[in-house]
Ligand code: ACO
């Protein structure tokens, strides 16, 4: 193993001197924030590019697994060339040791561990620890980690009136993006991102408080009293308790549902450099605080092409309504002149079955069996999957069901309103966002994100006084 690189930004003296509050972040060596080890990049060879008679030699880099990568950094300073890659489909923006995906093979691994193994044999807290610290915890490390997360589950009491500033029918993602960004106005002792301890403190706080925020926004929307976290419960249990219990009745968390919730969280915890994670990294590259960066990630996740797809799947299934309407929907999805897409199908990276969808399908069956639900929507979903998977259009374009295809059905069966689905995704993805953000801060090669463009606008032209301006066409002729 190569030597660990020093953090780009060492702890500031001022924060080192400030007295530590008890148990905020454990001080034992095992829980100290390890620095990201990003040294496993090798120069594999080089590639030649000829441009205007000049030969350009570019290094080809290789990490531990995955695609070889052309190092284009000299292109602009040495040759005045940019690269064009809308949607960053062929661009690696960072080195990362957190998650590996092979989309052609349908592989997803966190820190080397297969997602199916983690989902079957681990739990969400373990996966959070793994993403943040790079290794699975020992029993003592795990206990310490869970205890610390528990310690931070409550919200500042002034967050509640902030919540009440929203309309009760607000979309939960609108509430979450506002509240999470607003946490930076409450926790001033964890805003200095150059201090590893403060970075860790804000990370623990976010992982701990996200379920509380999600449950609280649900309670507010339906006019029920807020239910405070119960720290003797496990993370997923606590979330179900805060969401579904009422003060007037006992509530016993169903272990099958708690297990399913935990598994859904594992399956959504991280997914490499997707749109929301890249947004978190980009926001973080400017030095913004953790709460602001995670709020940026939540905003990006909201879209129907990303985390909003689980909500969109249910809307689509409800619109289809019956198995007999599926052929028409398939026809529309294939029609080039129709923008209609099958929600929950396709993925930018997976061109094979989404490995998370396989685990999710099994969990879906378990939950429906436990609850004795015979959901006609599930019949529509199964038939849609069957028809799409045997249709040449979907086969050729390698459009398989993704993780969101099943998660919506499970969440609906568990009693979550559709509007909450994307928010649950955000609760789980916070672990990945934070791990990726922290890795970025500790990476000496990272600098502020600043893509370039191909300018296609007007050339230089003269300012025209308003009295002499005609239509846009006339102006162009001036
Ligand atoms: N239904 C029908 N056709 C589709 C679908 C779909 N769900 N997805 C892609 N296609 C078609 C496109 O029309 C395009 O066809 P063309 O080559 O004839 O123009 C081709 O497949 C490639 O599609 P792109 O949009 O270029 O693929 P991209 O990688 O950019 O998009 C995405 C991936 C956004 C996930 C897309 O498949 C999609 O919109 N799916 C539905 C939304 C969804 O389920 N999102 C959740 C993603 S998983 C997640 O965020 C957790």
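The values are calculated or read from the model by the stated rules, or taken from the named source; none is laboratory data. The structure presented is a predicted model; accordingly, all values stated were derived computationally and were not measured. Here the Cβ is made from the backbone with ideal geometry for all residues, glycine too, and neighbour counts use every protein chain on show.
Points worth noting:
- Residues within the range 274-284 that are more than 9 Å from the ligand (Cβ to nearest atom) and buried (at least 20 other Cβ atoms within 10 Å of the Cβ), tallied: 7
- Of the helices (runs of 4 or more DSSP H) lying entirely inside the range 75-193, those containing at least 2 residues that are over 26 Å from residue 217 (Cα atoms) span 75-79, 115-121, 124-133, 139-151.
- Options 373, 387: the member that is assigned to a loop (DSSP other than H, G, I, E, B), more than 30 Å from residue 100 (Cα to Cα) and more than 10 Å from the ligand (Cβ to nearest atom): 373
- Subset of the range 316-335 that is within 12 Å of the ligand (Cβ to nearest atom) and part of a helix (DSSP H, G or I) - its residue that is nearest to the chain's Cα centre (by Cα): 316
- Candidates are the residues of the range 390-411 that are buried (at least 22 other Cβ atoms within 10 Å of the Cβ) and more than 12 Å from the ligand (Cβ to nearest atom); the one that is farthest from residue 260 (Cα to Cα) is 409.
- As a summary of the residue check, residue 247 satisfies the conditions (1) closer than 30 Å to residue 447 by Cβ; (2) more than 25 Å from the chain's Cα centre (by Cα) except for the one numbered (1).
- When every residue of the range 113-125 is checked against the conditions, at least one turns out to be loosely packed, with under 11 Cβ neighbours inside 10 Å, over 30 Å from residue 454 (Cβ atoms), away from the ligand (no atom under 16 Å from the Cβ) and not assigned by TED's automatic domain parsing to the domain that holds residue 234.
- Any hit, the range 410-423, residues being without any contact (Cβ under 8 Å) to a residue 40 or more places away in the chain and out of contact with any strand residue (DSSP E or B) (no Cβ under 9 Å at 6 or more places or on another chain): no
- Filter result (near the ligand (Cβ under 6 Å from one of its atoms) and assigned to a loop (DSSP other than H, G, I, E, B)) within the range 336-351: 341, 342, 343, 344, 346, 347, 348
- Given (1) on the phi < 0 side of the Ramachandran plot; (2) surrounded by fewer than 21 Cβ atoms within 10 Å (Cβ to Cβ); (3) not assigned by TED's automatic domain parsing to the domain that holds residue 201, number of the condition residue 98 does not satisfy: (2)
- Of all the criteria given as (1) within 18 Å of residue 423 (Cβ to Cβ); (2) touching a residue at least 60 places away in the same chain (Cβ under 8 Å); (3) within 11 Å of the ligand (Cβ to nearest atom), the one not satisfied by residue 299 is (3).
- Residue check, residue 2 under 30 Å from residue 139 (Cα atoms) and either at pLDDT below 95 or part of a loop (DSSP other than H, G, I, E, B) (or both): yes
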